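Have a look at the structure below before the remarks.
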Amino acid sequence: MSFDPAAATAAYIDSLGPEALAKAEAYTVGGHWILLWGVLVGALVTWLIVRSGLPDRLQLRLRGKPVRAAFLVSALVLALSSLLTLPWTLYTDYFRMKAYGRTSQPLGDWLGQMALSTAISIVLGALFFLGLYTLIRKAGKSWWVWSGGLVAAVIALMLLAGPVLIEPLFNEYKPLPAGEVRTALEVQAAKAGIPADRIFVYDGSRQSNNFTANVSGVFGSARIAISDVALHGANLNEVKAVTGHEIGHYVSGHIWRGVALFSALAMLFFFLADRLFPRLARLFGSKASIGDPAGLPILLFFASLAGLLAQPISSSFSRWSEADADRYSLETVNLPDALSSALVKTAEYRYPRPGRLEEILFYDHPSVERRVRTAMEWKAAHPSTPDTARDEGGS
Ligand SMILES: [Zn+2]
């Protein structure tokens, strides 16, 4: 009786049942359409803001005060954009999530957190655009190169400060309580050189019912955070396998590669914006030039369009790092069945059997089927695994 990775993979995916699979497919495919519709919504919002003439008027009033104009006009545009997009955001991020059982958050709490995150984004965004418009004014023709550097610096700063200053505003992070889970994870963390006090559990269930964990921050602020949804919904081996995956992201430096890739894409974006902006502005009936803060709605729209077009690149990078983190988990904790049963729990919000093109274009993780198959191939190649996940029965 030999082990068949293909059959084992199919058994894992089929264990979800046809109803859950159909629901996951509807949820995932609907998400792709939302990306496309989002660009149309963005175009409408851009047109409305340009038509309102408000950014132009504010810029005119602040003539001769370029620093103040860059900050205030950017803040105004970001605020108008958030406000006009709110009905769409309510549908995509709240009511749709509720309909698919992805969140249990009361509307009031969601709105409160939305208001807070919007306020933070407006202030930080306006500061970023103050930097950008200053570079456009002062750096001459090569402003787009410098602006790519600005993006890299800002992301690095956010990675450093985010876990300390921003994330605690939305969730409560606590050290993982003592017990067999903590003891096991401390061993894993120590092997990767991560201090034991960098493993946290957070109340992810406040916003989402997704089975998830993440690694965030860099240097002193780096930490592994497991959502309480994952902690309570997994057995010990599953937590070990998932933590092995998260540690894999950390030790392989995926974050830094991501920063480098994103900054390069940003530079390319600014280069294209420099050339295409006048044409795009005319399309929306605006006379702004790229250096005018009043032209920000158009720049933002172009960014959303470019983001959609660049998605296959960023998703491919992301899929590669996810597969690499799975590999790290398999190599270090060697729990292919526990990894697979944990992955199946994420299939509720990532349909596990997409078409190849769909996966390349839209998936930021390899499909669960592909990941489970890799784990099962690993199991076949390493037959003496101490894996007992299935006997313990993951729930
Ligand atoms: Zn990952």
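General observations
- Answer from A288, A347, A325, A338 - the residue that is under 21 Å from T46 (Cα atoms) and aliphatic (A, V, I, L, M): A288
- Residue within the stretch 288-301 that is free of Cβ contacts under 8 Å to residues at least 12 places away in the same chain and surrounded by fewer than 16 Cβ atoms within 10 Å (Cβ to Cβ) present: no
- Residue count for the stretch 35-75 satisfying the condition of being in a helix (DSSP H, G or I), free of Cβ contacts under 8 Å to residues at least 60 places away in the same chain and over 33 Å from the mean Cα position of the chain (by Cα): 3.
- A126 surrounded by fewer than 17 Cβ atoms within 10 Å (Cβ to Cβ) and not charged (D, E, K, R): no
- Condition check for L231: touching a residue at least 40 places away in the same chain (Cβ under 8 Å), more than 15 Å from the ligand (Cβ to nearest atom) and in contact with a strand residue (DSSP E or B) (Cβ under 8 Å, 6 or more places away or on another chain): yes
- Taken over the stretch 326-361, residues that are more than 16 Å from the ligand (Cβ to nearest atom), part of a loop (DSSP other than H, G, I, E, B) and within 18 Å of the chain's Cα centre (by Cα) amount to 2.
- Note on the stretch 278-329: residues that are of a type in the set (A, V, I, L, M, F, W, C) and farther than 20 Å from S263 by Cα total 9.
- 2 or more residues away from the ligand (no atom under 16 Å from the Cβ) and of a type in the set (K, R): qualifying helices (runs of 4 or more DSSP H) within the stretch 116-227: 180-191
- Qualifying residue in the stretch 249-256 (condition: touching a strand residue (DSSP E or B) at 6+ places or on another chain (Cβ under 8 Å) and either away from the ligand (no atom under 16 Å from the Cβ) or part of a loop (DSSP other than H, G, I, E, B) (or both)): no
- Just so you know, in the stretch 235-248 the residues that are within 15 Å of the ligand (Cβ to nearest atom) and of a type in the set (A, V, I, L, M, F, W, C) include one that is nearest to A189 (Cα to Cα), and it is I247.
Just so you know, all these numbers are worked out from the coordinates, no wet-lab data involved. Note that this is a predicted model, so its numbers are computed, not measured. Note that each Cβ is placed from the backbone with ideal geometry, even for glycine, and that neighbours are counted across all protein chains shown.
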